[in-house]
Amino acid sequence: MTCRVIAVANQKGGVGKTTTVVNLAAGLAEMGRRVLIVDLDPQGNATMGSGIAKGSLTNSVYQVLLGDASVAEARQPAKEGGYHVLPANRDVGGAELELVHELAREARLKNALGEVLGEYDYIFVDCPPSLNLLTLNGLVAAESVLIPMVCEYYALEGLSDLVTTLRKVRVAVNPKIEILGLLRTMFDARSNLSQQVSQQLARHFGDKVFDTVIPRNVRLAEAPSHGLPGLIYDRNSRGAQAYLTLAAELTARLESATPSLSH
Ligand code: ATP
Ligand code: MG
């Protein structure tokens, strides 16, 4: 199976990007897929949420972006969950500044990942909540973007900024990039607003909207403080079960179109 590199992005903060990355990684690993998370966020939330101490990193995605370490040198196994993490901490914010002076600055991550593509079925890039050079590195490295979003009043406006950015990225640096899907997170099925925004999303994006919705679920929010994906922290919670359903929907979308001869 060829490796799928998926950027998880939305410049709006706190919409469930990291929660989605960590739980999809654990879900797909459980299904036997080989998964790497690239933490591109100086907050290091995906790193910590995978049980890796961000304070004591010898190598992080920072050294990788600046060409001072390879992905193989910097990656680490998640504490539990069966996937790998290219970790991040606050230093990565500095990488953004230093990169400005480098050649091919927006293709640093893509070039670095080249050497490990054969080792993974899925690479998820957890982008920071902005459209900066770090996020641009994620969008250049990826073949598609998964966009988590909360169905609230201004959600669609925020999306149009992201869609504009994707259009520019397509023209300038990565003609292949497409939207893999929009994921409704922290969903409250009883709220009229959620239903209205859902309908608008379907009108604008059609079948790009994942059928699976992720409910608001406190177990998903508790899990990172234990350094665990929600899926491992409380497998039977509604949130964990929703991410398992999402992992199945994702593989059905991505893997059924091109039947592999090796299976
Ligand atoms: P940032 O933009 O800061 O990187 P993010 O988009 O990565 O944020 P998360 O960190 O995944 O978003 O989620 C934001 C907060 O909401 C976290 O505290 C997380 O634990 C919580 N959270 C995420 N998804 C859910 C959910 N489905 N139900 C309840 N809480 C959730
Ligand atoms: Mg995050």
With (1) open to solvent by 10 Å² or more (accessible area, probe 1.4 Å); (2) without any contact (Cβ under 8 Å) to a residue 60 or more places away in the chain as the list, and MET1 as the residue in question, which single condition is left unmet?
(2)
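Yes/no matrix, rows are residues, columns are (1) at pLDDT 95 or above; (2) of a type outside the set (Asp, Glu); (3) in contact with a strand residue (DSSP E or B) (Cβ under 9 Å, 6 or more places away or on another chain):
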residue	(1), (2), (3)
VAL173	no, yes, no
ILE179	yes, yes, yes
ARG184	yes, yes, yes
ASP188	no, no, yes
ARG203	no, yes, no
HIS226	yes, yes, no
LEU250	yes, yes, yes
SER260	no, yes, no
Could you pull out the residue among SER130, SER144, SER160 that is open to solvent by less than 50 Å² (accessible area, probe 1.4 Å), of a type in the set (Gly, Ala, Ser) and farther than 22 Å from HIS84 by Cα?
SER130
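Specify which of the listed residues (LEU97, LEU109) is surrounded by fewer than 22 Cβ atoms within 10 Å (Cβ to Cβ) and among the aliphatic types (A, V, I, L, M).
Exactly one of LEU97, LEU109 is surrounded by fewer than 22 Cβ atoms within 10 Å (Cβ to Cβ) and among the aliphatic types (A, V, I, L, M), namely LEU97.
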Residues LYS12, LYS17, LYS79: which one is within 12 Å of ligand 1 (Cβ to nearest atom), modelled with pLDDT of 95 or more and of a type in the set (D, E, K, R)?
LYS17
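I'd like to check something: does segment 49-59 contain any residue that is within 13 Å of ligand 1 (Cβ to nearest atom), in contact with a Pro (Cβ under 7 Å, 6 or more places away or on another chain) and in contact (Cβ under 8 Å) with a residue 60 or more places away in the chain? Walk me through how you get there before you give the answer.
Of the residues in segment 49-59, the ones within 13 Å of ligand 1 (Cβ to nearest atom) are 49-50.
Adding the requirement that they be in contact with a Pro (Cβ under 7 Å, 6 or more places away or on another chain) leaves 49.
Pick out the ones that are also in contact (Cβ under 8 Å) with a residue 60 or more places away in the chain and you get 49.
Yes: one or more hits.
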Lone unmet requirement of (1) of a type outside the set (D, E, K, R); (2) out of contact with any helix residue (DSSP H, G or I) (no Cβ under 7 Å at 6 or more places or on another chain); (3) open to solvent by less than 40 Å² (accessible area, probe 1.4 Å); (4) in a strand (DSSP E or B) for GLY206:
(4)
If I filter segment 28-45 down to residues being out of contact with any Ser or Thr (no Cβ under 9 Å at 6 or more places or on another chain) and in contact (Cβ under 8 Å) with a residue 12 or more places away in the chain, which single residue comes out as surrounded by the most Cβ atoms within 10 Å (Cβ to Cβ)?
VAL38
Exactly one condition in (1) away from ligand 2 (no atom under 16 Å from the Cβ); (2) open to solvent by 10 Å² or more (accessible area, probe 1.4 Å); (3) in a helix (DSSP H, G or I); (4) at pLDDT 95 or above is false for VAL64; which is it?
(2)
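The values are calculated or read from the model by the stated rules, or taken from the named source; none is laboratory data. Just so we're clear, the structure is a prediction, and the values are computed from it rather than from any experiment. Quick reminder, even Gly has a Cβ in these numbers, built from the backbone with ideal geometry, and neighbours come from all protein chains shown. Protein only, heavy atoms only, side chains kept; ligands, DNA and RNA dropped before computing areas. Shrake-Rupley method; radii C 1.70, N 1.55, O 1.52, S 1.80 Å.
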